[in-house]
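FYI, it's all coordinate maths here, none of it is from the lab. In this text the structure is predicted, and so the values were computed from the model without any measurement. We place every Cβ from the backbone using ideal geometry, glycine too, and count neighbours over all the protein chains shown.
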Amino acid sequence: MKYLIGNWKMNLSIGESLDLLEELKKSIDDYKPLEVVLCPSLLALMPVYSKNNGYFSIGAQNCFYEDKGSYTGEVSASQLKELVQYCLVGHSERRQIFGEKNTDINLKVKACLRNNIKPILCIGETLSQRQDNETESVLRDQIDGALMGVKSDEISKVIIAYEPVWAIGSGLVPEERDLNIAIEIIKTQIAFMYGNLKVPVLYGGSVDGENAKDLVSIPQLDGLLVGSSSLNAQKFAIIEEIIKN
Ligand code: PGA
C-alpha cells in the first residue's frame, strides 16, 4: 500500500492539532514508500504546515472551485496550494450535509488539478442505495460526474477513495468480497474513461488497528483513509505499522 491518509475532520483545536503532530512524528518513522498524509481542519492547516517541517504530506479537507473573488467564507485551491499537496474532494459529509453535487465536485477536482494539488476524490453508496442494488450505478455516476473534462494527462494526479457512507463512523467495514467488487467497478469505470491509465484506489470507513490487517491483504487497494482512528497517534501508528509490515 502506498497511501495512509488521516482525516481529522472538524476536530482538535490548534494546540491539540500541534500536539498530535508532535506525537505522530515520534510514533511514525520516515518510511518513504508509504505516503502519510495528514488532513487537519482548515484552522490548523497553517500551524501544522509550519511545524511539520516536511515530515508528513499535508492535505486539505475541502476547497472552493474558483481561484479568488467574492466568496465569503470559502478558501480556494489556489490559496491552499502553498500549504498542501492533497485535498479531499466530495467526502460524503460534504455531499450529505452541505449538499455538494457531482457538478460542484467536478469543479473542485479541476480546481485542485489546475493548482497542482492532488484531489482525493471520495465516492461511496449509502445504505439504502446498497440495499437497492444501486452500488454500481452510484459509483459509476460519481466517477463520471467528478472527472468530466479531466484529461488523460491529469488523471495520474487523481486518487479515488471508496468510502461507503454506511461504513463511515459506524464500526462496519464491507466484506472482502463486496470490497473487491466495488474496487473492480471503480477500476473498470476508469479504464472505460482513460484506457490503460490507472488511479490509486483507497478504502475509507471505520478503519482501525483491528480491521487494517484484513484490509492491507487486499492487493487491489492502494491505501487507507482513516477518520476517527487518525485522531490518536497510537492508533494511527498501529495502522501505519500494519501497512509497513
Ligand atoms: P471513520 O471516517 O474512519 O471515522 O469512519 C472515515 C472518513 O470519513 O474519511
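What to note about this one:
- Net charge of the neighbourhood of residue 227, taken over other residues with C-beta under 12 Å away and scored Lys/Arg +1, Asp/Glu -1, is -1.
- The alpha carbons of the stretch 1-75 give a radius of gyration and a Dmax of 13.6, 42 Å, in that order.
- Model label sites at residue 178 and residue 32, defined 7 Å from Cα along the beta-carbon direction, differ in position by 4.0 nm.
- Cross-link reach list, lysines versus residue 68, counting only Cα pairs under 16 Å and skipping chain neighbours closer than eight places: 81, 108, 110
- Most mobile listed residue (235, 110, 26) in the chain, GNM with C-alpha springs under 10 Å: 26
- Packing here is the average count of other Cβ atoms within 10 Å per residue, and on that basis the peptides 218-225, 183-190, 34-41, highest first, run 34-41, 218-225, 183-190.
- Kirkwood Rh in Å, taken over the chain so that all alpha-carbon pairs contribute: 18.0 Å
- Under Karplus coefficients 6.51, -1.76 and 1.60, residue-wise ³J(HN,Hα) of the stretch 212-226 in Hz, glycine/proline x: 4, 4, 5, 5, 5, 7, 8, x, 6, 8, 9, x, 10, 10, 10
- Per-residue ³J(HN,Hα) for the stretch 148-156, Karplus 6.51 cos²θ - 1.76 cosθ + 1.60, θ = phi - 60°, Hz, x for Gly and Pro: 4, x, 7, 7, 4, 7, 9, 5, 5
- Built amide H within the under 5 Å cut-off of residue 100, gap 5+: 95
- Applying the Kirkwood pairwise sum to the alpha-carbon positions of the stretch 167-245 produces a hydrodynamic radius of 13.3 angstrom.
- Among residues other than residue 51 with Cβ under 14 Å from its Cβ, the summed charge is -2 (Lys and Arg +1, Asp and Glu -1).
- Set of aspartates and glutamates near residue 32 by C-alpha distance (under 16 Å), chain-local residues within fewer than 8 positions excluded: 222, 240, 241
- Value of [θ]222 nm, deg cm²/dmol, for the chain, DSSP H segments ≥ 4, -39500 (n - 2.57) each, nearest 500: -12500 deg cm²/dmol
- Built amide H within the under 5 Å cut-off of residue 35, gap 5+: 3, 4
- Once both labels are positioned 7 Å from their Cα atoms along Cα-to-Cβ, the gap between residue 51 and residue 134 label points is 4.4 nm.
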